[in-house]
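Heads up: the structure comes next, in structure tokens.
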Amino acid sequence: MLSFGSTRSGEFNQSAQYAILNGLAGDGGLYVPSGIPDLPLDLWTERSFEKTAETIFSAFFGGFSKETITRAALRYSTLFSTPEITPLKQVGEAYVLELFHGPTAAFKDIALSVLPIFLTEARRELAPLQDILVLTATSGDTGSAALSGFCNVEGTEVLVFYPDHGISPIQKQQMVSMAGNNLTACGIYGNFDDAQSGVKRIFNQGLNQPKYLLSSANSINIGRLVPQMIYYFTAYAQLVEQKAILSGDLVNFIVPTGNFGDILAGYMAKKAGLPVAKLICASNENSVLADFLNTGTYDRCRDLKQTLSPSMDILISSNLERLLYLESGCDARLISSLMKSLQDEGRYKVPSTLMNCIRETFSGDYCTDEETLQCICRVYDEHKYLLDPHTAAAWHVNQKREKTAGDGKADIVLSTASPFKFPQTVGKALGIALEDDLHAANLLSKTLDLSLPFALEGLASRPVLHRDVIKPGAMSDYINQRWS
Ligand SMILES: *Cc1c(COP(=O)(O)O)cnc(C)c1O
């Protein structure tokens, strides 16, 4: 069975249950598995999302009972609106992997549909007398997916901190209208990095109240990453089925990236044997990751821009730490010193040997807001396919890149959100004037004669239940006052 350890200690002595329950390791590092198991080759052609989910969960989370793993795998068909769960669509020369058919219309639903099952099971085994406080910082989509996934789950309380400006009105309405006896959403006068840093600080300090155990629904939690591997495999299986590739052919994935969680799951899928040539990291104008992949220096010393792809408005991509760790051959000392440098100076430089290893798989580029709008318009005109702004950034990066030797046979662009979550931007791209944003999704769907995702139906008329907005410095007090 796999054990888990911190990227900053190099010791693997924790169970999957422990890692999922605690979220972040005690030394500030992130949990990683002691190795990436080889998954069976027949997974390349396995069309059932549930079966693939079960195989992946058993390999990585084998400490959980068979019953728990099956229950988690079966959750998808009850929560998602398409039988494929994540259907693959051919659009022109490329393929789009739609990850947004879940309860909040963004890809975060994949992991957050099952995390509550693993987390409550881990609590039952390891901390039955405590309640879990699931603390989460969100750039928009994690918040609503976490609130939805954990709604009324026994033994859990969920607190989501979101940047009050910098998320779309629909993303905000999804969170502030979420009903459930264990849910709280709270705005921050600041950006996503302020929210994420505040949450990490609270993790490091701990809570005053021993009745609660802190955990996280952010992609720092290994329980978020493993479920995200599933769709890399099922996308591949769909390509084989559509006879676009032969089993064994290499493919590329192009991933709209913020916290580096989605693309890291692709890397884990490759390590587990999936025939992946390139993982292409697409950023928006907050191009820290693209710059890092191109220069070898990670430099967050710049202002965060609010862009049309808000879920990628991030300067500190937490999961990069896991990639550096795994690619450096588990060099915990190197990782500790890079992360210290990031904290103290806001930047770090990665040794060129390590960068060369990373570049064998990864490349990166970015897309401006102007290019995002043009891309949405062009793809709609040419293919009658509507991209959301995040997916458009990835599409653009793929169009622009030069194909190299060793490139994959097919390009799969991950589509991380429904375009109807960002109707104003999509409308602007297509020259459709839309006013009040909460009704804009409806209007857009009528104008284009495309159906609205079930997740967004009736959203505008849901009552606002969460109204608090606080300063980033007050996050810790807010928790200690409410959960005491
Ligand atoms: C969260 C999110 C991303 C970024 O994913 P990471 O795992 O943070 O890299 C991209 N697009 C959308 C729509 C998202 O919600």
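The values are calculated or read from the model by the stated rules, or taken from the named source; none is laboratory data. Note that the structure is predicted; figures quoted are calculated from it, not measured. For neighbour counting, all protein chains shown are included, and Cβ atoms are generated from backbone atoms with ideal geometry for every residue, glycine included. Ligands, DNA and RNA are excluded from the accessible area calculation, which covers all protein heavy atoms including side chains. Shrake-Rupley method; radii C 1.70, N 1.55, O 1.52, S 1.80 Å.
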**OP:** Among the residues of segment 313-328, write down those that are modelled with pLDDT of 95 or more and not basic (Lys, Arg).
**Re:** Asn319, Leu320, Glu321, Leu323, Leu324, Tyr325, Leu326, Glu327, Ser328
**OP:** Would you mention how many residues in segment 134-172 are open to solvent by 10 Å² or more (accessible area, probe 1.4 Å) and free of Cβ contacts under 8 Å to residues at least 40 places away in the same chain?
**Re:** 6
Subject >> Pick from segment 238-279, criterion more than 11 Å from the chain's Cα centre (by Cα) and polar (S, T, N, Q), ranking: nearest to the ligand (Cβ to nearest atom) >> reply: Asn252
**OP:** Just give me the residues in segment 454-484 being at pLDDT 95 or above, open to solvent by less than 50 Å² (accessible area, probe 1.4 Å) and part of a loop (DSSP other than H, G, I, E, B), in sequence order.
**Re:** His466
**OP:** Report the residue count in segment 116-171 for those that are assigned to a helix (DSSP H, G or I) and either in contact with an Asp or Glu (Cβ under 6 Å, 6 or more places away or on another chain) or within 16 Å of the ligand (Cβ to nearest atom) (or both).
**Re:** 12
Original post:
If you go through segment 376-393, how many residues are more than 20 Å from Ala105 (Cα to Cα) and crowded, with 23+ Cβ neighbours inside 10 Å?
Top reply: 1
**OP:** Could you grab me the full set of residues in segment 319-375 that are closer than 24 Å to Ser6 by Cα, open to solvent by less than 40 Å² (accessible area, probe 1.4 Å), among the hydrophobic types (A, V, I, L, M, F, W, C) and outside any helix (DSSP H, G or I)?
**Re:** Val350, Phe362
Subject >> Candidates Thr416, Thr404, Thr353, filtered to the one that is within 16 Å of the ligand (Cβ to nearest atom) and among the polar types (S, T, N, Q) >> reply: Thr416
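Yes/no matrix, rows are residues, columns are (1) over 25 Å from the mean Cα position of the chain (by Cα); (2) closer than 23 Å to Tyr385 by Cβ; (3) of a type in the set (Val, Ile, Thr):
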position	(1), (2), (3)
Leu434	yes, yes, no
Asn442	yes, yes, no
Ser445	yes, yes, no
Leu456	no, yes, no
Leu459	no, no, no
Val464	yes, no, yes
Val469	no, no, yes
**OP:** Restricting attention to strands (runs of 3 or more DSSP E) lying wholly within segment 173-263, give those where 3 or more residues are farther than 28 Å from Thr156 by Cα and either modelled with pLDDT under 95 or open to solvent by less than 10 Å² (accessible area, probe 1.4 Å) (or both).
**Re:** 251-256
